[in-house]
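The values are calculated or read from the model by the stated rules, or taken from the named source; none is laboratory data. Remember, it's a predicted structure, so these values are computed and weren't measured experimentally. All Cβ positions, glycine included, derive from the backbone under ideal geometry; neighbour counts span all protein chains shown.
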Ligand code: NAP
């Protein structure tokens, strides 16, 4: 059963309702499959119009949706209004990409008479939508990574129907947003199968959706545990399908000597703010802060810990997420190699935790796998490095991250080159200033990274390249004129 819960109090609101059954899920996937060919053959203008209408509908319902999101997530009105802005911007942005023609762009190699390898037929490479996409919303972005978030926008832009699985941490918002989307789809004269919605608070619902024979690909945003479990289900189907999983990440941030020498206190305060932003419930929250050994590093760590001690994160998204945070912190507290950096003060209330920060040497960090796992919330480790070798080894140990931040790499030096190389080898996005929380929606954006940050390191779930995940290249050989005249629009 599903139940709307007030995030700040843990109180239930309204009556409970049933989760989707396996029959519901199969029916949703089948409806999407029935709509798939027709939707794939729509023009860029038609899909752009759908995306703009979805953005307009969100905008028209802003006050209600934001209030509901605030009730179910406790993230606060300024953040949620900003997130809604980003979500409508994203929908309209994909409409702009459709208008620019890149999604249907073809590569056309003219025929050359004569024997191979020089002689060849005419080859026209186009891209075909994969078909129905199962879309798993995350709990921590009730708009931008939820029902009408980036994955849905990208799949619809590509010409794929979507079957969204709403997240049980904001169930009422999910179903209201889904109803809005279904109304827009109907008003655009498109079949209901273009946008389908299922809901559940149990693992079985997600598994049934990934197993539904009509589903052609999965876009997942969520935990490492959930993502790897569902990736296995996708891979073990009789017909395995692509699984695009954007998972948790520990986002190393390296404070290099040049940064320490410049504005250490300001950076420390900025970092503390980033770790507490949204109660640390960001996949891009910095979880590992690498600081050089020595007095300048000591002063930074002192200033950082003082700034963090003074902050109080707000209530977490749900009792379940709070319990997982507490479990992660308890494991760190029990570690003999960690030196706590904050005074133990009691949590403000049952849902709003205190931040956690501890220090460890690079050698111990590298030796203990449990320290390399994400603790989702306002918790981080300061890793003290004795050398550039140490810092590079820490990055290689992390292995895969959505981001790596390098503060103080402005000069072109052999050490900085090594660090930039190591950072780029393990992260989807390398920052040279600012904090990693906050992911701009642009054509150049890369939100992914080597495993365990993502199951598909060569793709992005944020930015306009996200559409590429749902398009499969097809080469047409000596295609007749009527096929070529479609200019990449599938028939
Ligand atoms: P989550 O608990 O993994 O939930 C995501 C979805 O997966 C939910 O629909 C959940 O449904 C389902 N699920 C989880 N485990 C499952 C399993 N074993 N089998 C089938 N379905 C399963 O994650 P979350 O609480 O939404 O988000 C927190 C995590 O997401 C953090 O680790 C954060 O870093 C990560 N995140 C990553 C990104 C990114 O872009 N990389 C963005 C946002 C968040 P049920 O709850 O019904 O099981």
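So here's what we get for this one:
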item	result
Residue among 229, 234 that alone is more than 8 Å from the ligand (Cβ to nearest atom) and not in a loop (DSSP other than H, G, I, E, B)	234
Test result for residue 133, in the same structural domain as residue 465 (by TED's automatic domain parsing), over 30 Å from residue 320 (Cβ atoms) and in contact with a strand residue (DSSP E or B) (Cβ under 8 Å, 6 or more places away or on another chain)	no
Tabulated pairs, the range 205-223, first under 14 Å from residue 168 (Cβ atoms), second away from the ligand (no atom under 11 Å from the Cβ), C-beta under 6 angstrom, 6+ apart or interchain	209/25
Residue that is farthest from residue 88 (Cα to Cα), among those in the range 416-440 that are surrounded by fewer than 21 Cβ atoms within 10 Å (Cβ to Cβ) and within 13 Å of the ligand (Cβ to nearest atom)	437
Condition met for residue 77 (loosely packed, with under 14 Cβ neighbours inside 10 Å and within 24 Å of the chain's Cα centre (by Cα))	yes
Subset of the range 404-415 [within 17 Å of residue 393 (Cα to Cα) and touching a strand residue (DSSP E or B) at 6+ places or on another chain (Cβ under 8 Å)]	404, 405, 406
Residue 126 more than 24 Å from the chain's Cα centre (by Cα) and buried (at least 22 other Cβ atoms within 10 Å of the Cβ)	yes
Residue list for the range 230-282, filter: more than 30 Å from residue 300 (Cα to Cα) and more than 17 Å from the chain's Cα centre (by Cα)	232, 233, 234, 235, 236, 237, 238, 239, 240, 241
Matching residues, the range 54-73, being over 26 Å from residue 96 (Cβ atoms) and either outside the structural domain of residue 182 (by TED's automatic domain parsing) or surrounded by fewer than 23 Cβ atoms within 10 Å (Cβ to Cβ) (or both)	63, 64, 67, 68, 70, 71
Any hit, the range 12-34, residues being more than 20 Å from residue 206 (Cβ to Cβ) and in a helix (DSSP H, G or I)	yes
Pair list, Cβ < 6 Å and 6+ apart or interchain, from the range 134-163 residues that are on the phi > 0 side of the Ramachandran plot to residues that are buried (at least 24 other Cβ atoms within 10 Å of the Cβ) and modelled with pLDDT of 95 or more	159/39; 159/129
Given (1) over 22 Å from residue 369 (Cα atoms); (2) at pLDDT 95 or above; (3) under 19 Å from the mean Cα position of the chain (by Cα), index of the condition residue 414 fails	(3)
Residue selected from the range 237-259 under the condition more than 11 Å from the ligand (Cβ to nearest atom) and out of contact with any strand residue (DSSP E or B) (no Cβ under 7 Å at 6 or more places or on another chain), by the criterion nearest to residue 284 (Cα to Cα)	258
Number of the condition not met by residue 325 [criteria: (1) without any contact (Cβ under 8 Å) to a residue 60 or more places away in the chain; (2) buried (at least 21 other Cβ atoms within 10 Å of the Cβ); (3) over 26 Å from the mean Cα position of the chain (by Cα)]	(3)
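Matching residues to (1) under 25 Å from residue 40 (Cβ atoms); (2) within 10 Å of the ligand (Cβ to nearest atom); (3) out of contact with any helix residue (DSSP H, G or I) (no Cβ under 9 Å at 6 or more places or on another chain):
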position: 144; (1), (2), (3): no, yes, no
position: 151; (1), (2), (3): yes, yes, no
position: 160; (1), (2), (3): yes, no, no
position: 173; (1), (2), (3): no, no, no
position: 183; (1), (2), (3): yes, no, no
